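K.L.:
The structure is given below, and queries will be raised subsequently.
Rule-based calculations on the coordinates, nothing more; no lab input. Quick caveat: nothing in here was measured; it's all calculated off a predicted structure. Methodologically, a virtual Cβ is constructed for each residue, glycine included, from the backbone with ideal geometry; neighbour enumeration extends over all protein chains shown.
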Amino acid sequence: MKHIGREHVDMGKRKNSSFRFLTGMSLAIGLLGLAQSVGAADWPQFMGPNRDGTSVEKGLVKAWPETGPKVIWTASVGKGFGGAAIHKGEVFILDRPNQQQDVLRCFDLATGKEKWSFGYDAPGSIDHDGSRSTPAVTESRVYTIGPFGHFYCTDRKTGKPLWQKNILSDYNGKRPNWAVAQSPLLYGDKVIVAPQSATVGVVAFDQQSGDEKWRSEAIGPMAYASPRIVTIEGTDQVVCVSPSGIAAVSASDGKVLWKYDHKCMIPVPNVSVLGPGRLFVTAGYNSGSAVIEVSRNGEAWAVKEISRIPQIGGHCHQGLVYKDHVYVLCNTNERNDGLVCFDAEGKLIWQTKRDPYLCKGGSILAGDGIMYIMDGRSGELHIVEPSPEGFKSLSKAKLLDGRDIWGPLALSDGRLVIRDHSQLKCVDIRAE
């Protein structure tokens, strides 16, 4: 493994105490930069408000009733792996009902009624057909990225398109084999995407006008991971994953800060934050996982590898962090490791392997310290108590059908939104 330190202007330091774990859930580091108002019950972008798959909501069900979970509503959708975003009682999802268009749909969270839709031409066939990404939603805008690079800003109330780009053709990028799968990132008054072409790595746009605010130099080719914000030693940085490794650029101006080589030809998950400057890196295809520590000495950044875990890694989703441990779904095309628990040093604590299998589905960690995990092969929704003592299943229920149910979950106000390749479901998970 190699790591490269890059210089960066000092933006001021914050005390490490501000990054400690709170209420048993890892604080999402660096997302206080969101300028728009995000309510505690909102899930406005990929992996939630903090981009870490966690929710502050409490008072949720810890075991399904004998009759099973209450499904509030079901809506028909086209094929897709892209999850839902939820904002102010509305559900947004990018759909691909055929091989000709991408369609952004807005549903009422309470009733499932479709309020509006906006489609645009995007012809072409894709291996594993369907949508890829999760919308990002603010008070007035919805941002989406389609599998052929179409990047749209639409009006949240009407669905009217306001401005558009293409993160492939505008930056001379190359479409990955399984198409563009990243989700736009909200940060302050900007929306950030990662073209990852031969000349441009990351680009930040003004949310309202679509004007480019900054762009970074190249950081490696595009794969399937979505960018996220991490704050280390007071510096907000956009962390991106590519087949050549991990790279971070300054969220203020796009300057490259540091790189870490963790090679995987088909990376999907981004990093998980284990603590101040400590990141958990994972990937499928026998690439394994690692724990790294990023630090700054003056203006220079450095990366130290704490540990390396060969072969065992997450295929589709980043790990969820709870009480200094990370929980990752590590079933891949080559291995059947199931749900795996690692400590903050990267030590493997336990793994479920095939019992239960828990194949590549989405997962969420709620404020009560309970995980909701979709088995992407069976369509069963599991309730799990994360603990280093071992796998603790509290309940499970079959809710979805088909295969490859890999879409991320979304949670708002006790309502869990899940999907397969034909339906979108809203499930009531509020405790009695």
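K.L.:
Based on alpha-carbon positions alone, could you give the equivalent ellipsoid semi-axes of the chain from the gyration tensor, as √(5λ), descending, whole Å? If you can, show how the numbers build up before the last one.
P.N.:
Details: eigenvalues 167, 142, 82 Å².
Its equivalent ellipsoid spans semi-axes of 29, 27, 20 Å.
K.L.:
From the Cα gyration tensor of the range 332-374, with a ≥ b ≥ c the square roots of its eigenvalues, which class applies: rounded if a/c is under 1.5, or else prolate if a/b is larger than b/c, or else oblate? Write out the running numbers ahead of the final one.
P.N.:
Values: a/c = 2.16, a/b = 1.16, b/c = 1.86.
Since a/c reaches 1.5 but b/c is at least a/b, the shape of the range 332-374 is classed as oblate.
K.L.:
Cα-Cα pairs above 25 Å in the range 174-314: how many percent? Working shown, then result.
P.N.:
Details: 2224 of 9870 pairs.
The proportion of pairs with Cα distances above 25 Å equals 23 percent.
K.L.:
Please work out, to two decimal places, the log10 of the ratio I(q)/I(0) at q = 0.20, 0.24, 0.25 Å⁻¹ from a Debye calculation in which every Cα of the range 106-187 carries one identical scatterer.
P.N.:
Here the Debye-derived log intensity ratios amount to -0.98, -1.27, -1.32.
K.L.:
A further question on this structure: Quick one: net charge of Asp404's neighbours, Cβ under 10 Å, K/R +1, D/E -1?
P.N.:
Neighbourhood net charge equals +3.
K.L.:
Roughly what % antiparallel, to the nearest 5, for the DSSP beta bridges in the chain? Spell out each step's value before the answer.
P.N.:
Details: 116 of 119 bridges.
Taking every DSSP beta bridge with both residues in the chain, the antiparallel ones total about 95 percent.
K.L.:
Something else about it: Given R₀ = 25 Å, what would the calculated FRET efficiency be for Asn286 paired with Ala198, taking r from the Cβ atoms and rounding to 0.05? Intermediate results must be reported in sequence, preceding the final value.
P.N.:
Working: r = 27 Å, r/R0 = 1.09.
It comes out at approximately 0.40.
K.L.:
Computed on alpha carbon atoms, what radius of gyration and Dmax characterise the range 295-423, expressed in Å?
P.N.:
Cα only, the range 295-423: 15.9, 54 Å (Rg, Dmax).
K.L.:
Could you let me know the centre-to-centre spacing of the range 50-117 and the range 365-410, using Cα atoms, in angstrom?
P.N.:
Cα centroid to Cα centroid, the span is 16 Å.
K.L.:
Please state the equivalent ellipsoid semi-axes for the range 372-425: what are the square roots of 5 times the Cα gyration tensor eigenvalues, largest first, in whole Å?
P.N.:
On the way: eigenvalues 87, 38, 15 Å².
Taking √(5λ) for each Cα gyration eigenvalue gives 21, 14, 9 Å.
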